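Notes follow once the structure below has been shown.
The values are calculated or read from the model by the stated rules, or taken from the named source; none is laboratory data. Bear in mind the structure is a predicted one, so any value in this text is a computation, not a measurement. For neighbour counting, all protein chains shown are included, and Cβ atoms are generated from backbone atoms with ideal geometry for every residue, glycine included. To get the accessible areas, we keep the full protein, side chains included, count just its heavy atoms, and leave off ligands, DNA and RNA. Shrake-Rupley method; radii C 1.70, N 1.55, O 1.52, S 1.80 Å.
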Amino acid sequence: MDFTFTEEQQAAAEAARAVFSGVVPDAVPSPALVPGAVAEDIDRPLWAGLAAGDLLSLTLSPEHGGAGLDLIALCLVLRESAKVLARVPLLETCAVAMTLQRYGDQALAAELLPGVGRGELVLTVGANGRTGHDPAELAVTARLDGDPGKAGGDGEGGDGSEAVWVLDGVQSAVPWAQTANWIAVPAHTGDGRAVLALIRRDHDGVTIAEQVSTNGELFGEVRLDAVRITRRELIEAAGAWEWLHALLTTGTCALALGLGEAVLAMTSQYTGKREQFGFPVATFQSVAVQTADRYIDLRAMEVTLWQAAWRIATGGGGALPPAGDVAVAKIWASDGVRRVVQTAQHLHGGFGADTDYPLHRFHAWAKQIELSLGPAAAHEEALGDLLAVHSLD
């Protein structure tokens, strides 16, 4: 399959490289040296730079001030962001914005999306549920208000006002929840439908408890206690949550690829300079074989990533639904990025654990990415379920 990128997609990658060129991974304290989060906020100067470079509006339609590009372009940008461990909710903001644009209330989209593109609004999403092991939508309930004076059977208030939905539940490990303006929360209704609520961080009934991720970033446990939202803030369209989840998972694969490429390059530079017995260790057969294996991992991660992104972006057909390609990509991303950083640690020797050297930061981020939205085993199970019901003949 030809994965040649368009001129617009290549331009997006070049613009991203320019914006990320001034970012250094050790701009914040090492997660190994601080008991809590490495910082209380995202990298605001970088966020402003992404907005100035039109990268936050990349996937928004022209009517909302965007370039109208697709998931493939976003993944190219995410790939570059991971190479410098960019501390910004680029994936979460863009994925939620794309979902609102595609499935949500168009008046709300017109109100919010231009501000997202300008960097004025930060969006995030609770995709881990209560524990991270069960479907996220099962952690929150959504019901129409039962007060006849407020919500009638026709979906409108008894006085003609807009219907009110009430949300209860918990979403754990929400990235940068404390600094986001809006949080997308999947939920389930009484009849078992998956819906997606858009909730302001400071909304009545929303409380956020501090959590710290594996890579030292500030996450939040978002608790909803009888949170009341209007119908336009609830996306009821079938498939909306599943589409957002696929965007997030595929974007996570792009992050894994970019991080893995940066780590392999770092390892190649180190082993090319480090000498033993008068020769660079890169010339030793055992070292060359290990790095070659990791290069193969990265190429497999790359081809499965673009296959999944292409299926989602174009709606192209395949033997399995797009969810199958997403599962394959995440299996390779999770296992591959783990193997890359483990080999890098081994070949760096003691430098790999030195907190004055950046490799340990990449290892922490790799572990976070590996487990985000499910480890390889969870996606292997999902792939098996798909294979059980779809014939490949």
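Structure values in brief
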| read-out | value |
| --- | --- |
| First in the stretch 85-110 and in contact (Cβ under 8 Å) with a residue 12 or more places away in the chain and buried (at least 18 other Cβ atoms within 10 Å of the Cβ), second anywhere and part of a helix (DSSP H, G or I) and of a type in the set (S, T, N, Q), Cβ under 8 Å, 6 or more apart | VAL88/SER81; LEU90/SER81; LEU91/THR252; ALA109/GLN101 |
| Failed item in (1) closer than 30 Å to GLU233 by Cβ; (2) open to solvent by 60 Å² or more (accessible area, probe 1.4 Å); (3) without any contact (Cβ under 8 Å) to a residue 24 or more places away in the chain, with THR4 passing the rest | (1) |
| Given (1) part of a helix (DSSP H, G or I); (2) in contact (Cβ under 8 Å) with a residue 60 or more places away in the chain; (3) open to solvent by 60 Å² or more (accessible area, probe 1.4 Å); (4) more than 11 Å from THR250 (Cα to Cα), index of the condition TYR295 fails | (2) |
| Residues satisfying the stated conditions in the stretch 90-125, i.e. in a loop (DSSP other than H, G, I, E, B) and under 21 Å from ILE312 (Cα atoms) | GLY104 |
| Long-range neighbours under 7 Å by Cβ, at least six apart or interchain, first residue farther than 18 Å from GLY350 by Cβ and in a helix (DSSP H, G or I) within the stretch 274-291, second of a type in the set (Phe, Trp, Tyr) and open to solvent by 50 Å² or more (accessible area, probe 1.4 Å) | none |
| Which numbered condition LEU76 misses (of (1) assigned to a helix (DSSP H, G or I); (2) of a type in the set (A, V, I, L, M, F, W, C); (3) surrounded by fewer than 24 Cβ atoms within 10 Å (Cβ to Cβ)) | (3) |
| Every residue from the stretch 194-207 that is out of contact with any Lys or Arg (no Cβ under 7 Å at 6 or more places or on another chain) and open to solvent by 50 Å² or more (accessible area, probe 1.4 Å) | ARG200, ARG201, ASP202, ASP204 |
| Some residue of the stretch 228-238 being closer than 20 Å to ASP134 by Cα and surrounded by 17 or more Cβ atoms within 10 Å (Cβ to Cβ) | no |
| For ALA378: the one exception among (1) open to solvent by less than 30 Å² (accessible area, probe 1.4 Å); (2) more than 20 Å from LEU74 (Cβ to Cβ) | (1) |
| Looking only at the stretch 232-248, and only at residues there that are of a type in the set (Gly, Ala, Ser) and assigned to a loop (DSSP other than H, G, I, E, B), the one that is nearest to the chain's Cα centre (by Cα) | GLY239 |
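Okay, residues lined up against (1) touching a Gly at 6+ places or on another chain (Cβ under 7 Å); (2) of a type in the set (Lys, Arg); (3) at pLDDT 95 or above:
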position	(1), (2), (3)
LEU298	yes, no, yes
ALA308	no, no, yes
THR314	no, no, no
TYR357	no, no, no
PRO375	no, no, yes
GLY384	no, no, yes
HIS390	no, no, no
